[in-house]
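Below you'll find the structure, written out as structure tokens, and then a few comments.
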Amino acid sequence: MSEFDYDLFVIGAGSGGVRAARTAAATGARVAVAEDRYLGGTCVNVGCVPKKLYSHAAHFHDTFEDAGGFGWRLPAAPEFDWATLRDNKIGEIKRLNGIYGRLLDTAGVRLINGRARVVDAHRVEIAGETISAARILVAVGGWPWVPEFPGSELTLNSNQIFDLDTFPRRFLVLGGGYIAVEFASIFNGLGSETHLVYRRELFLRGFDREVREFTRDEMAKKGVDLHFEANVESIEKVDDGLLVTLTNGEQLEVDAVLAATGRKPHLEGLGLDGLGIELTEGGHLRVNDRFETSVPSILALGDVTGGPELTPVALAEAMHMVQHHFGETPPKAPLDYRNIATAVFCHPNIGTVGLSEEQAREACGEIRVYTADFRPLKHTLSGSSERCLMKLIVDDQSDVVVGAHMVGEEAGEVIQGIGIAVRAGLTKADFDATVGIHPTGAEEFVTMGTPTRR
């Protein structure tokens, strides 16, 4: 590979791209990375990290209300200052950007600022320079997509929502996926009058039906105004903000509209269309088990390939890709995408791993479903009506737990541990034989003895 300037040229310094660059460099490969926006990609800058920080901020609303039942008396009504949250977030993201830069530098990876364009199978152009590489990795992630309708230019996308100049006292979210339900919860918790508009009858398509219904009811109890089976027909500016007209004829006056309507691969300007690289029906780069596109020297991973759009997945793909192309011993099997745990940071949180009840009935046939729907101990004194749902789905023939789901406080933290058990193929008997930690909500996962239904 000495005929090339680099062994690996990575386009995109997000989670997957940086992990791939560092890991490849550790094998002795010569690596360069191009980034035209910010180090750390979506997750660090306009995704997981700032979203979780804002979610923490929004939870204080409930904490202040809950405190009275435990004897705490606040001297005055708490006031939220948007600028403080926003600016402190900006400082933290800058710190993380610096860490990513130092990680690349320490690994001996060259960082080039700019948007790279792929010239052919082994060459890229960037900042007026032509660079050759044995392999080119595309890891540019996704970009928000907003449908066109009258006034759609007045909406905000999920990249813009974190840095608003002023806090919207009236807020509308269009969409029904992760981002939509999370930001509806966040802005509701921060004090906005919040509406969520979704064209289908229930949000979070693909999740367990019972989880979706339970989350719907809990979000509504917290004050999010849910508008299902409706869409935005138009948005227009008015004296006091934005007038949103829905397809069902309803009109809402708000200060800001977030279009959380999905993300598409950020491939514009990369030059890949001129190389005949095969795309999927959804417009993603089609790759094989070695993360090779239809041009074998051009690789791709992360959100541009259409798999689970989760940071840990991109990290796992990066490690797997490096093993294939730079490791001494290639992996014996393709990356296993089954039983990937995930969380939705709406309020209350959702944590889930494995199959939904609907998927399990189709895949396994006979199943047992165990559920626990209860008021957490904390709220026996707080006075809150918030409830928690926990659910196990068991293949009746093998007794293996094929799905675990939770809606409640710190669901993501709890499901991370349960995810190990589901991944390991443990049985319901293994769960039953585990002594619980009392008093915790998590112990419900090992004390559900009687099936709710079959």
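The values are calculated or read from the model by the stated rules, or taken from the named source; none is laboratory data. Owing to the predicted nature of the structure, the values given are computational and were not obtained by experimental measurement. Don't worry about glycine lacking a Cβ; one is built from the backbone with ideal geometry, like all the others, and counts go over all protein chains shown. Keep in mind that these areas ignore ligands, DNA and RNA; they rest on the heavy atoms of the full protein, side chains included. Shrake-Rupley method; radii C 1.70, N 1.55, O 1.52, S 1.80 Å.
Numerical summary
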{"item": "Unmet requirement for Ile11, which otherwise passes all of (1) of a type outside the set (S, T, N, Q); (2) without any contact (Cβ under 8 Å) to a residue 40 or more places away in the chain; (3) closer than 22 Å to His266 by Cβ", "result": "(2)"}
{"item": "Residue in the stretch 72-95 that is acidic (Asp, Glu), in a helix (DSSP H, G or I), open to solvent by 40 Å² or more (accessible area, probe 1.4 Å) and free of Cβ contacts under 8 Å to residues at least 60 places away in the same chain present", "result": "yes"}
{"item": "Conditions (1) among the charged types (D, E, K, R); (2) over 30 Å from Glu386 (Cβ atoms); (3) modelled with pLDDT of 95 or more: number failed by Arg86", "result": "(2)"}
{"item": "Some residue of the stretch 55-71 being out of contact with any Lys or Arg (no Cβ under 6 Å at 6 or more places or on another chain), over 23 Å from Gly412 (Cβ atoms), open to solvent by 50 Å² or more (accessible area, probe 1.4 Å) and not hydroxyl-bearing (Ser, Thr, Tyr)", "result": "yes"}
{"item": "Failed condition for Lys332, given (1) over 21 Å from Arg22 (Cα atoms); (2) among the charged types (D, E, K, R); (3) at pLDDT 95 or above", "result": "(3)"}
{"item": "One residue from Gly40, Gly47, Gly128 being at positive phi and modelled with pLDDT of 95 or more", "result": "Gly40"}
{"item": "In the stretch 35-53, the residues that are within 17 Å of Asp87 (Cα to Cα) and surrounded by 23 or more Cβ atoms within 10 Å (Cβ to Cβ)", "result": "Val44, Gly47"}
{"item": "Residue that is farthest from Arg170 (Cα to Cα), among those in the stretch 245-261 that are surrounded by 17 or more Cβ atoms within 10 Å (Cβ to Cβ) and in contact with a His (Cβ under 8 Å, 6 or more places away or on another chain)", "result": "Leu246"}
{"item": "Pair list, Cβ under 8 Å, 6 or more apart: the stretch 199-215 residue among the β-branched types (Val, Ile, Thr), other residue open to solvent by 60 Å² or more (accessible area, probe 1.4 Å)", "result": "none"}
{"item": "Count of the stretch 355-409 residues which are within 24 Å of the chain's Cα centre (by Cα) and without any contact (Cβ under 8 Å) to a residue 24 or more places away in the chain", "result": "0"}
{"item": "Residues within the stretch 1-34 that are crowded, with 24+ Cβ neighbours inside 10 Å, in contact with a helix residue (DSSP H, G or I) (Cβ under 8 Å, 6 or more places away or on another chain) and assigned to a strand (DSSP E or B), tallied", "result": "6"}
{"item": "Positions within the stretch 239-287 being part of a strand (DSSP E or B), of a type outside the set (A, V, I, L, M, F, W, C) and either in contact (Cβ under 8 Å) with a residue 40 or more places away in the chain or within 16 Å of Ala121 (Cα to Cα) (or both), in sequence order", "result": "Gly241, Glu253, Arg263, Lys264, Pro265"}
{"item": "Residue in the stretch 173-194 that is at positive phi and touching a residue at least 40 places away in the same chain (Cβ under 8 Å) present", "result": "yes"}
{"item": "Number of the condition not met by Pro439 [criteria: (1) touching a residue at least 40 places away in the same chain (Cβ under 8 Å); (2) in a loop (DSSP other than H, G, I, E, B); (3) within 30 Å of Ala184 (Cβ to Cβ)]", "result": "(3)"}
{"item": "Pairs with Cβ under 8 Å, 6+ apart, first in the stretch 336-349 and at positive phi, second in a strand (DSSP E or B)", "result": "Asn339/Val353; Asn339/Gly354"}
{"item": "For Phe431: the one exception among (1) surrounded by fewer than 20 Cβ atoms within 10 Å (Cβ to Cβ); (2) more than 28 Å from the chain's Cα centre (by Cα)", "result": "(1)"}
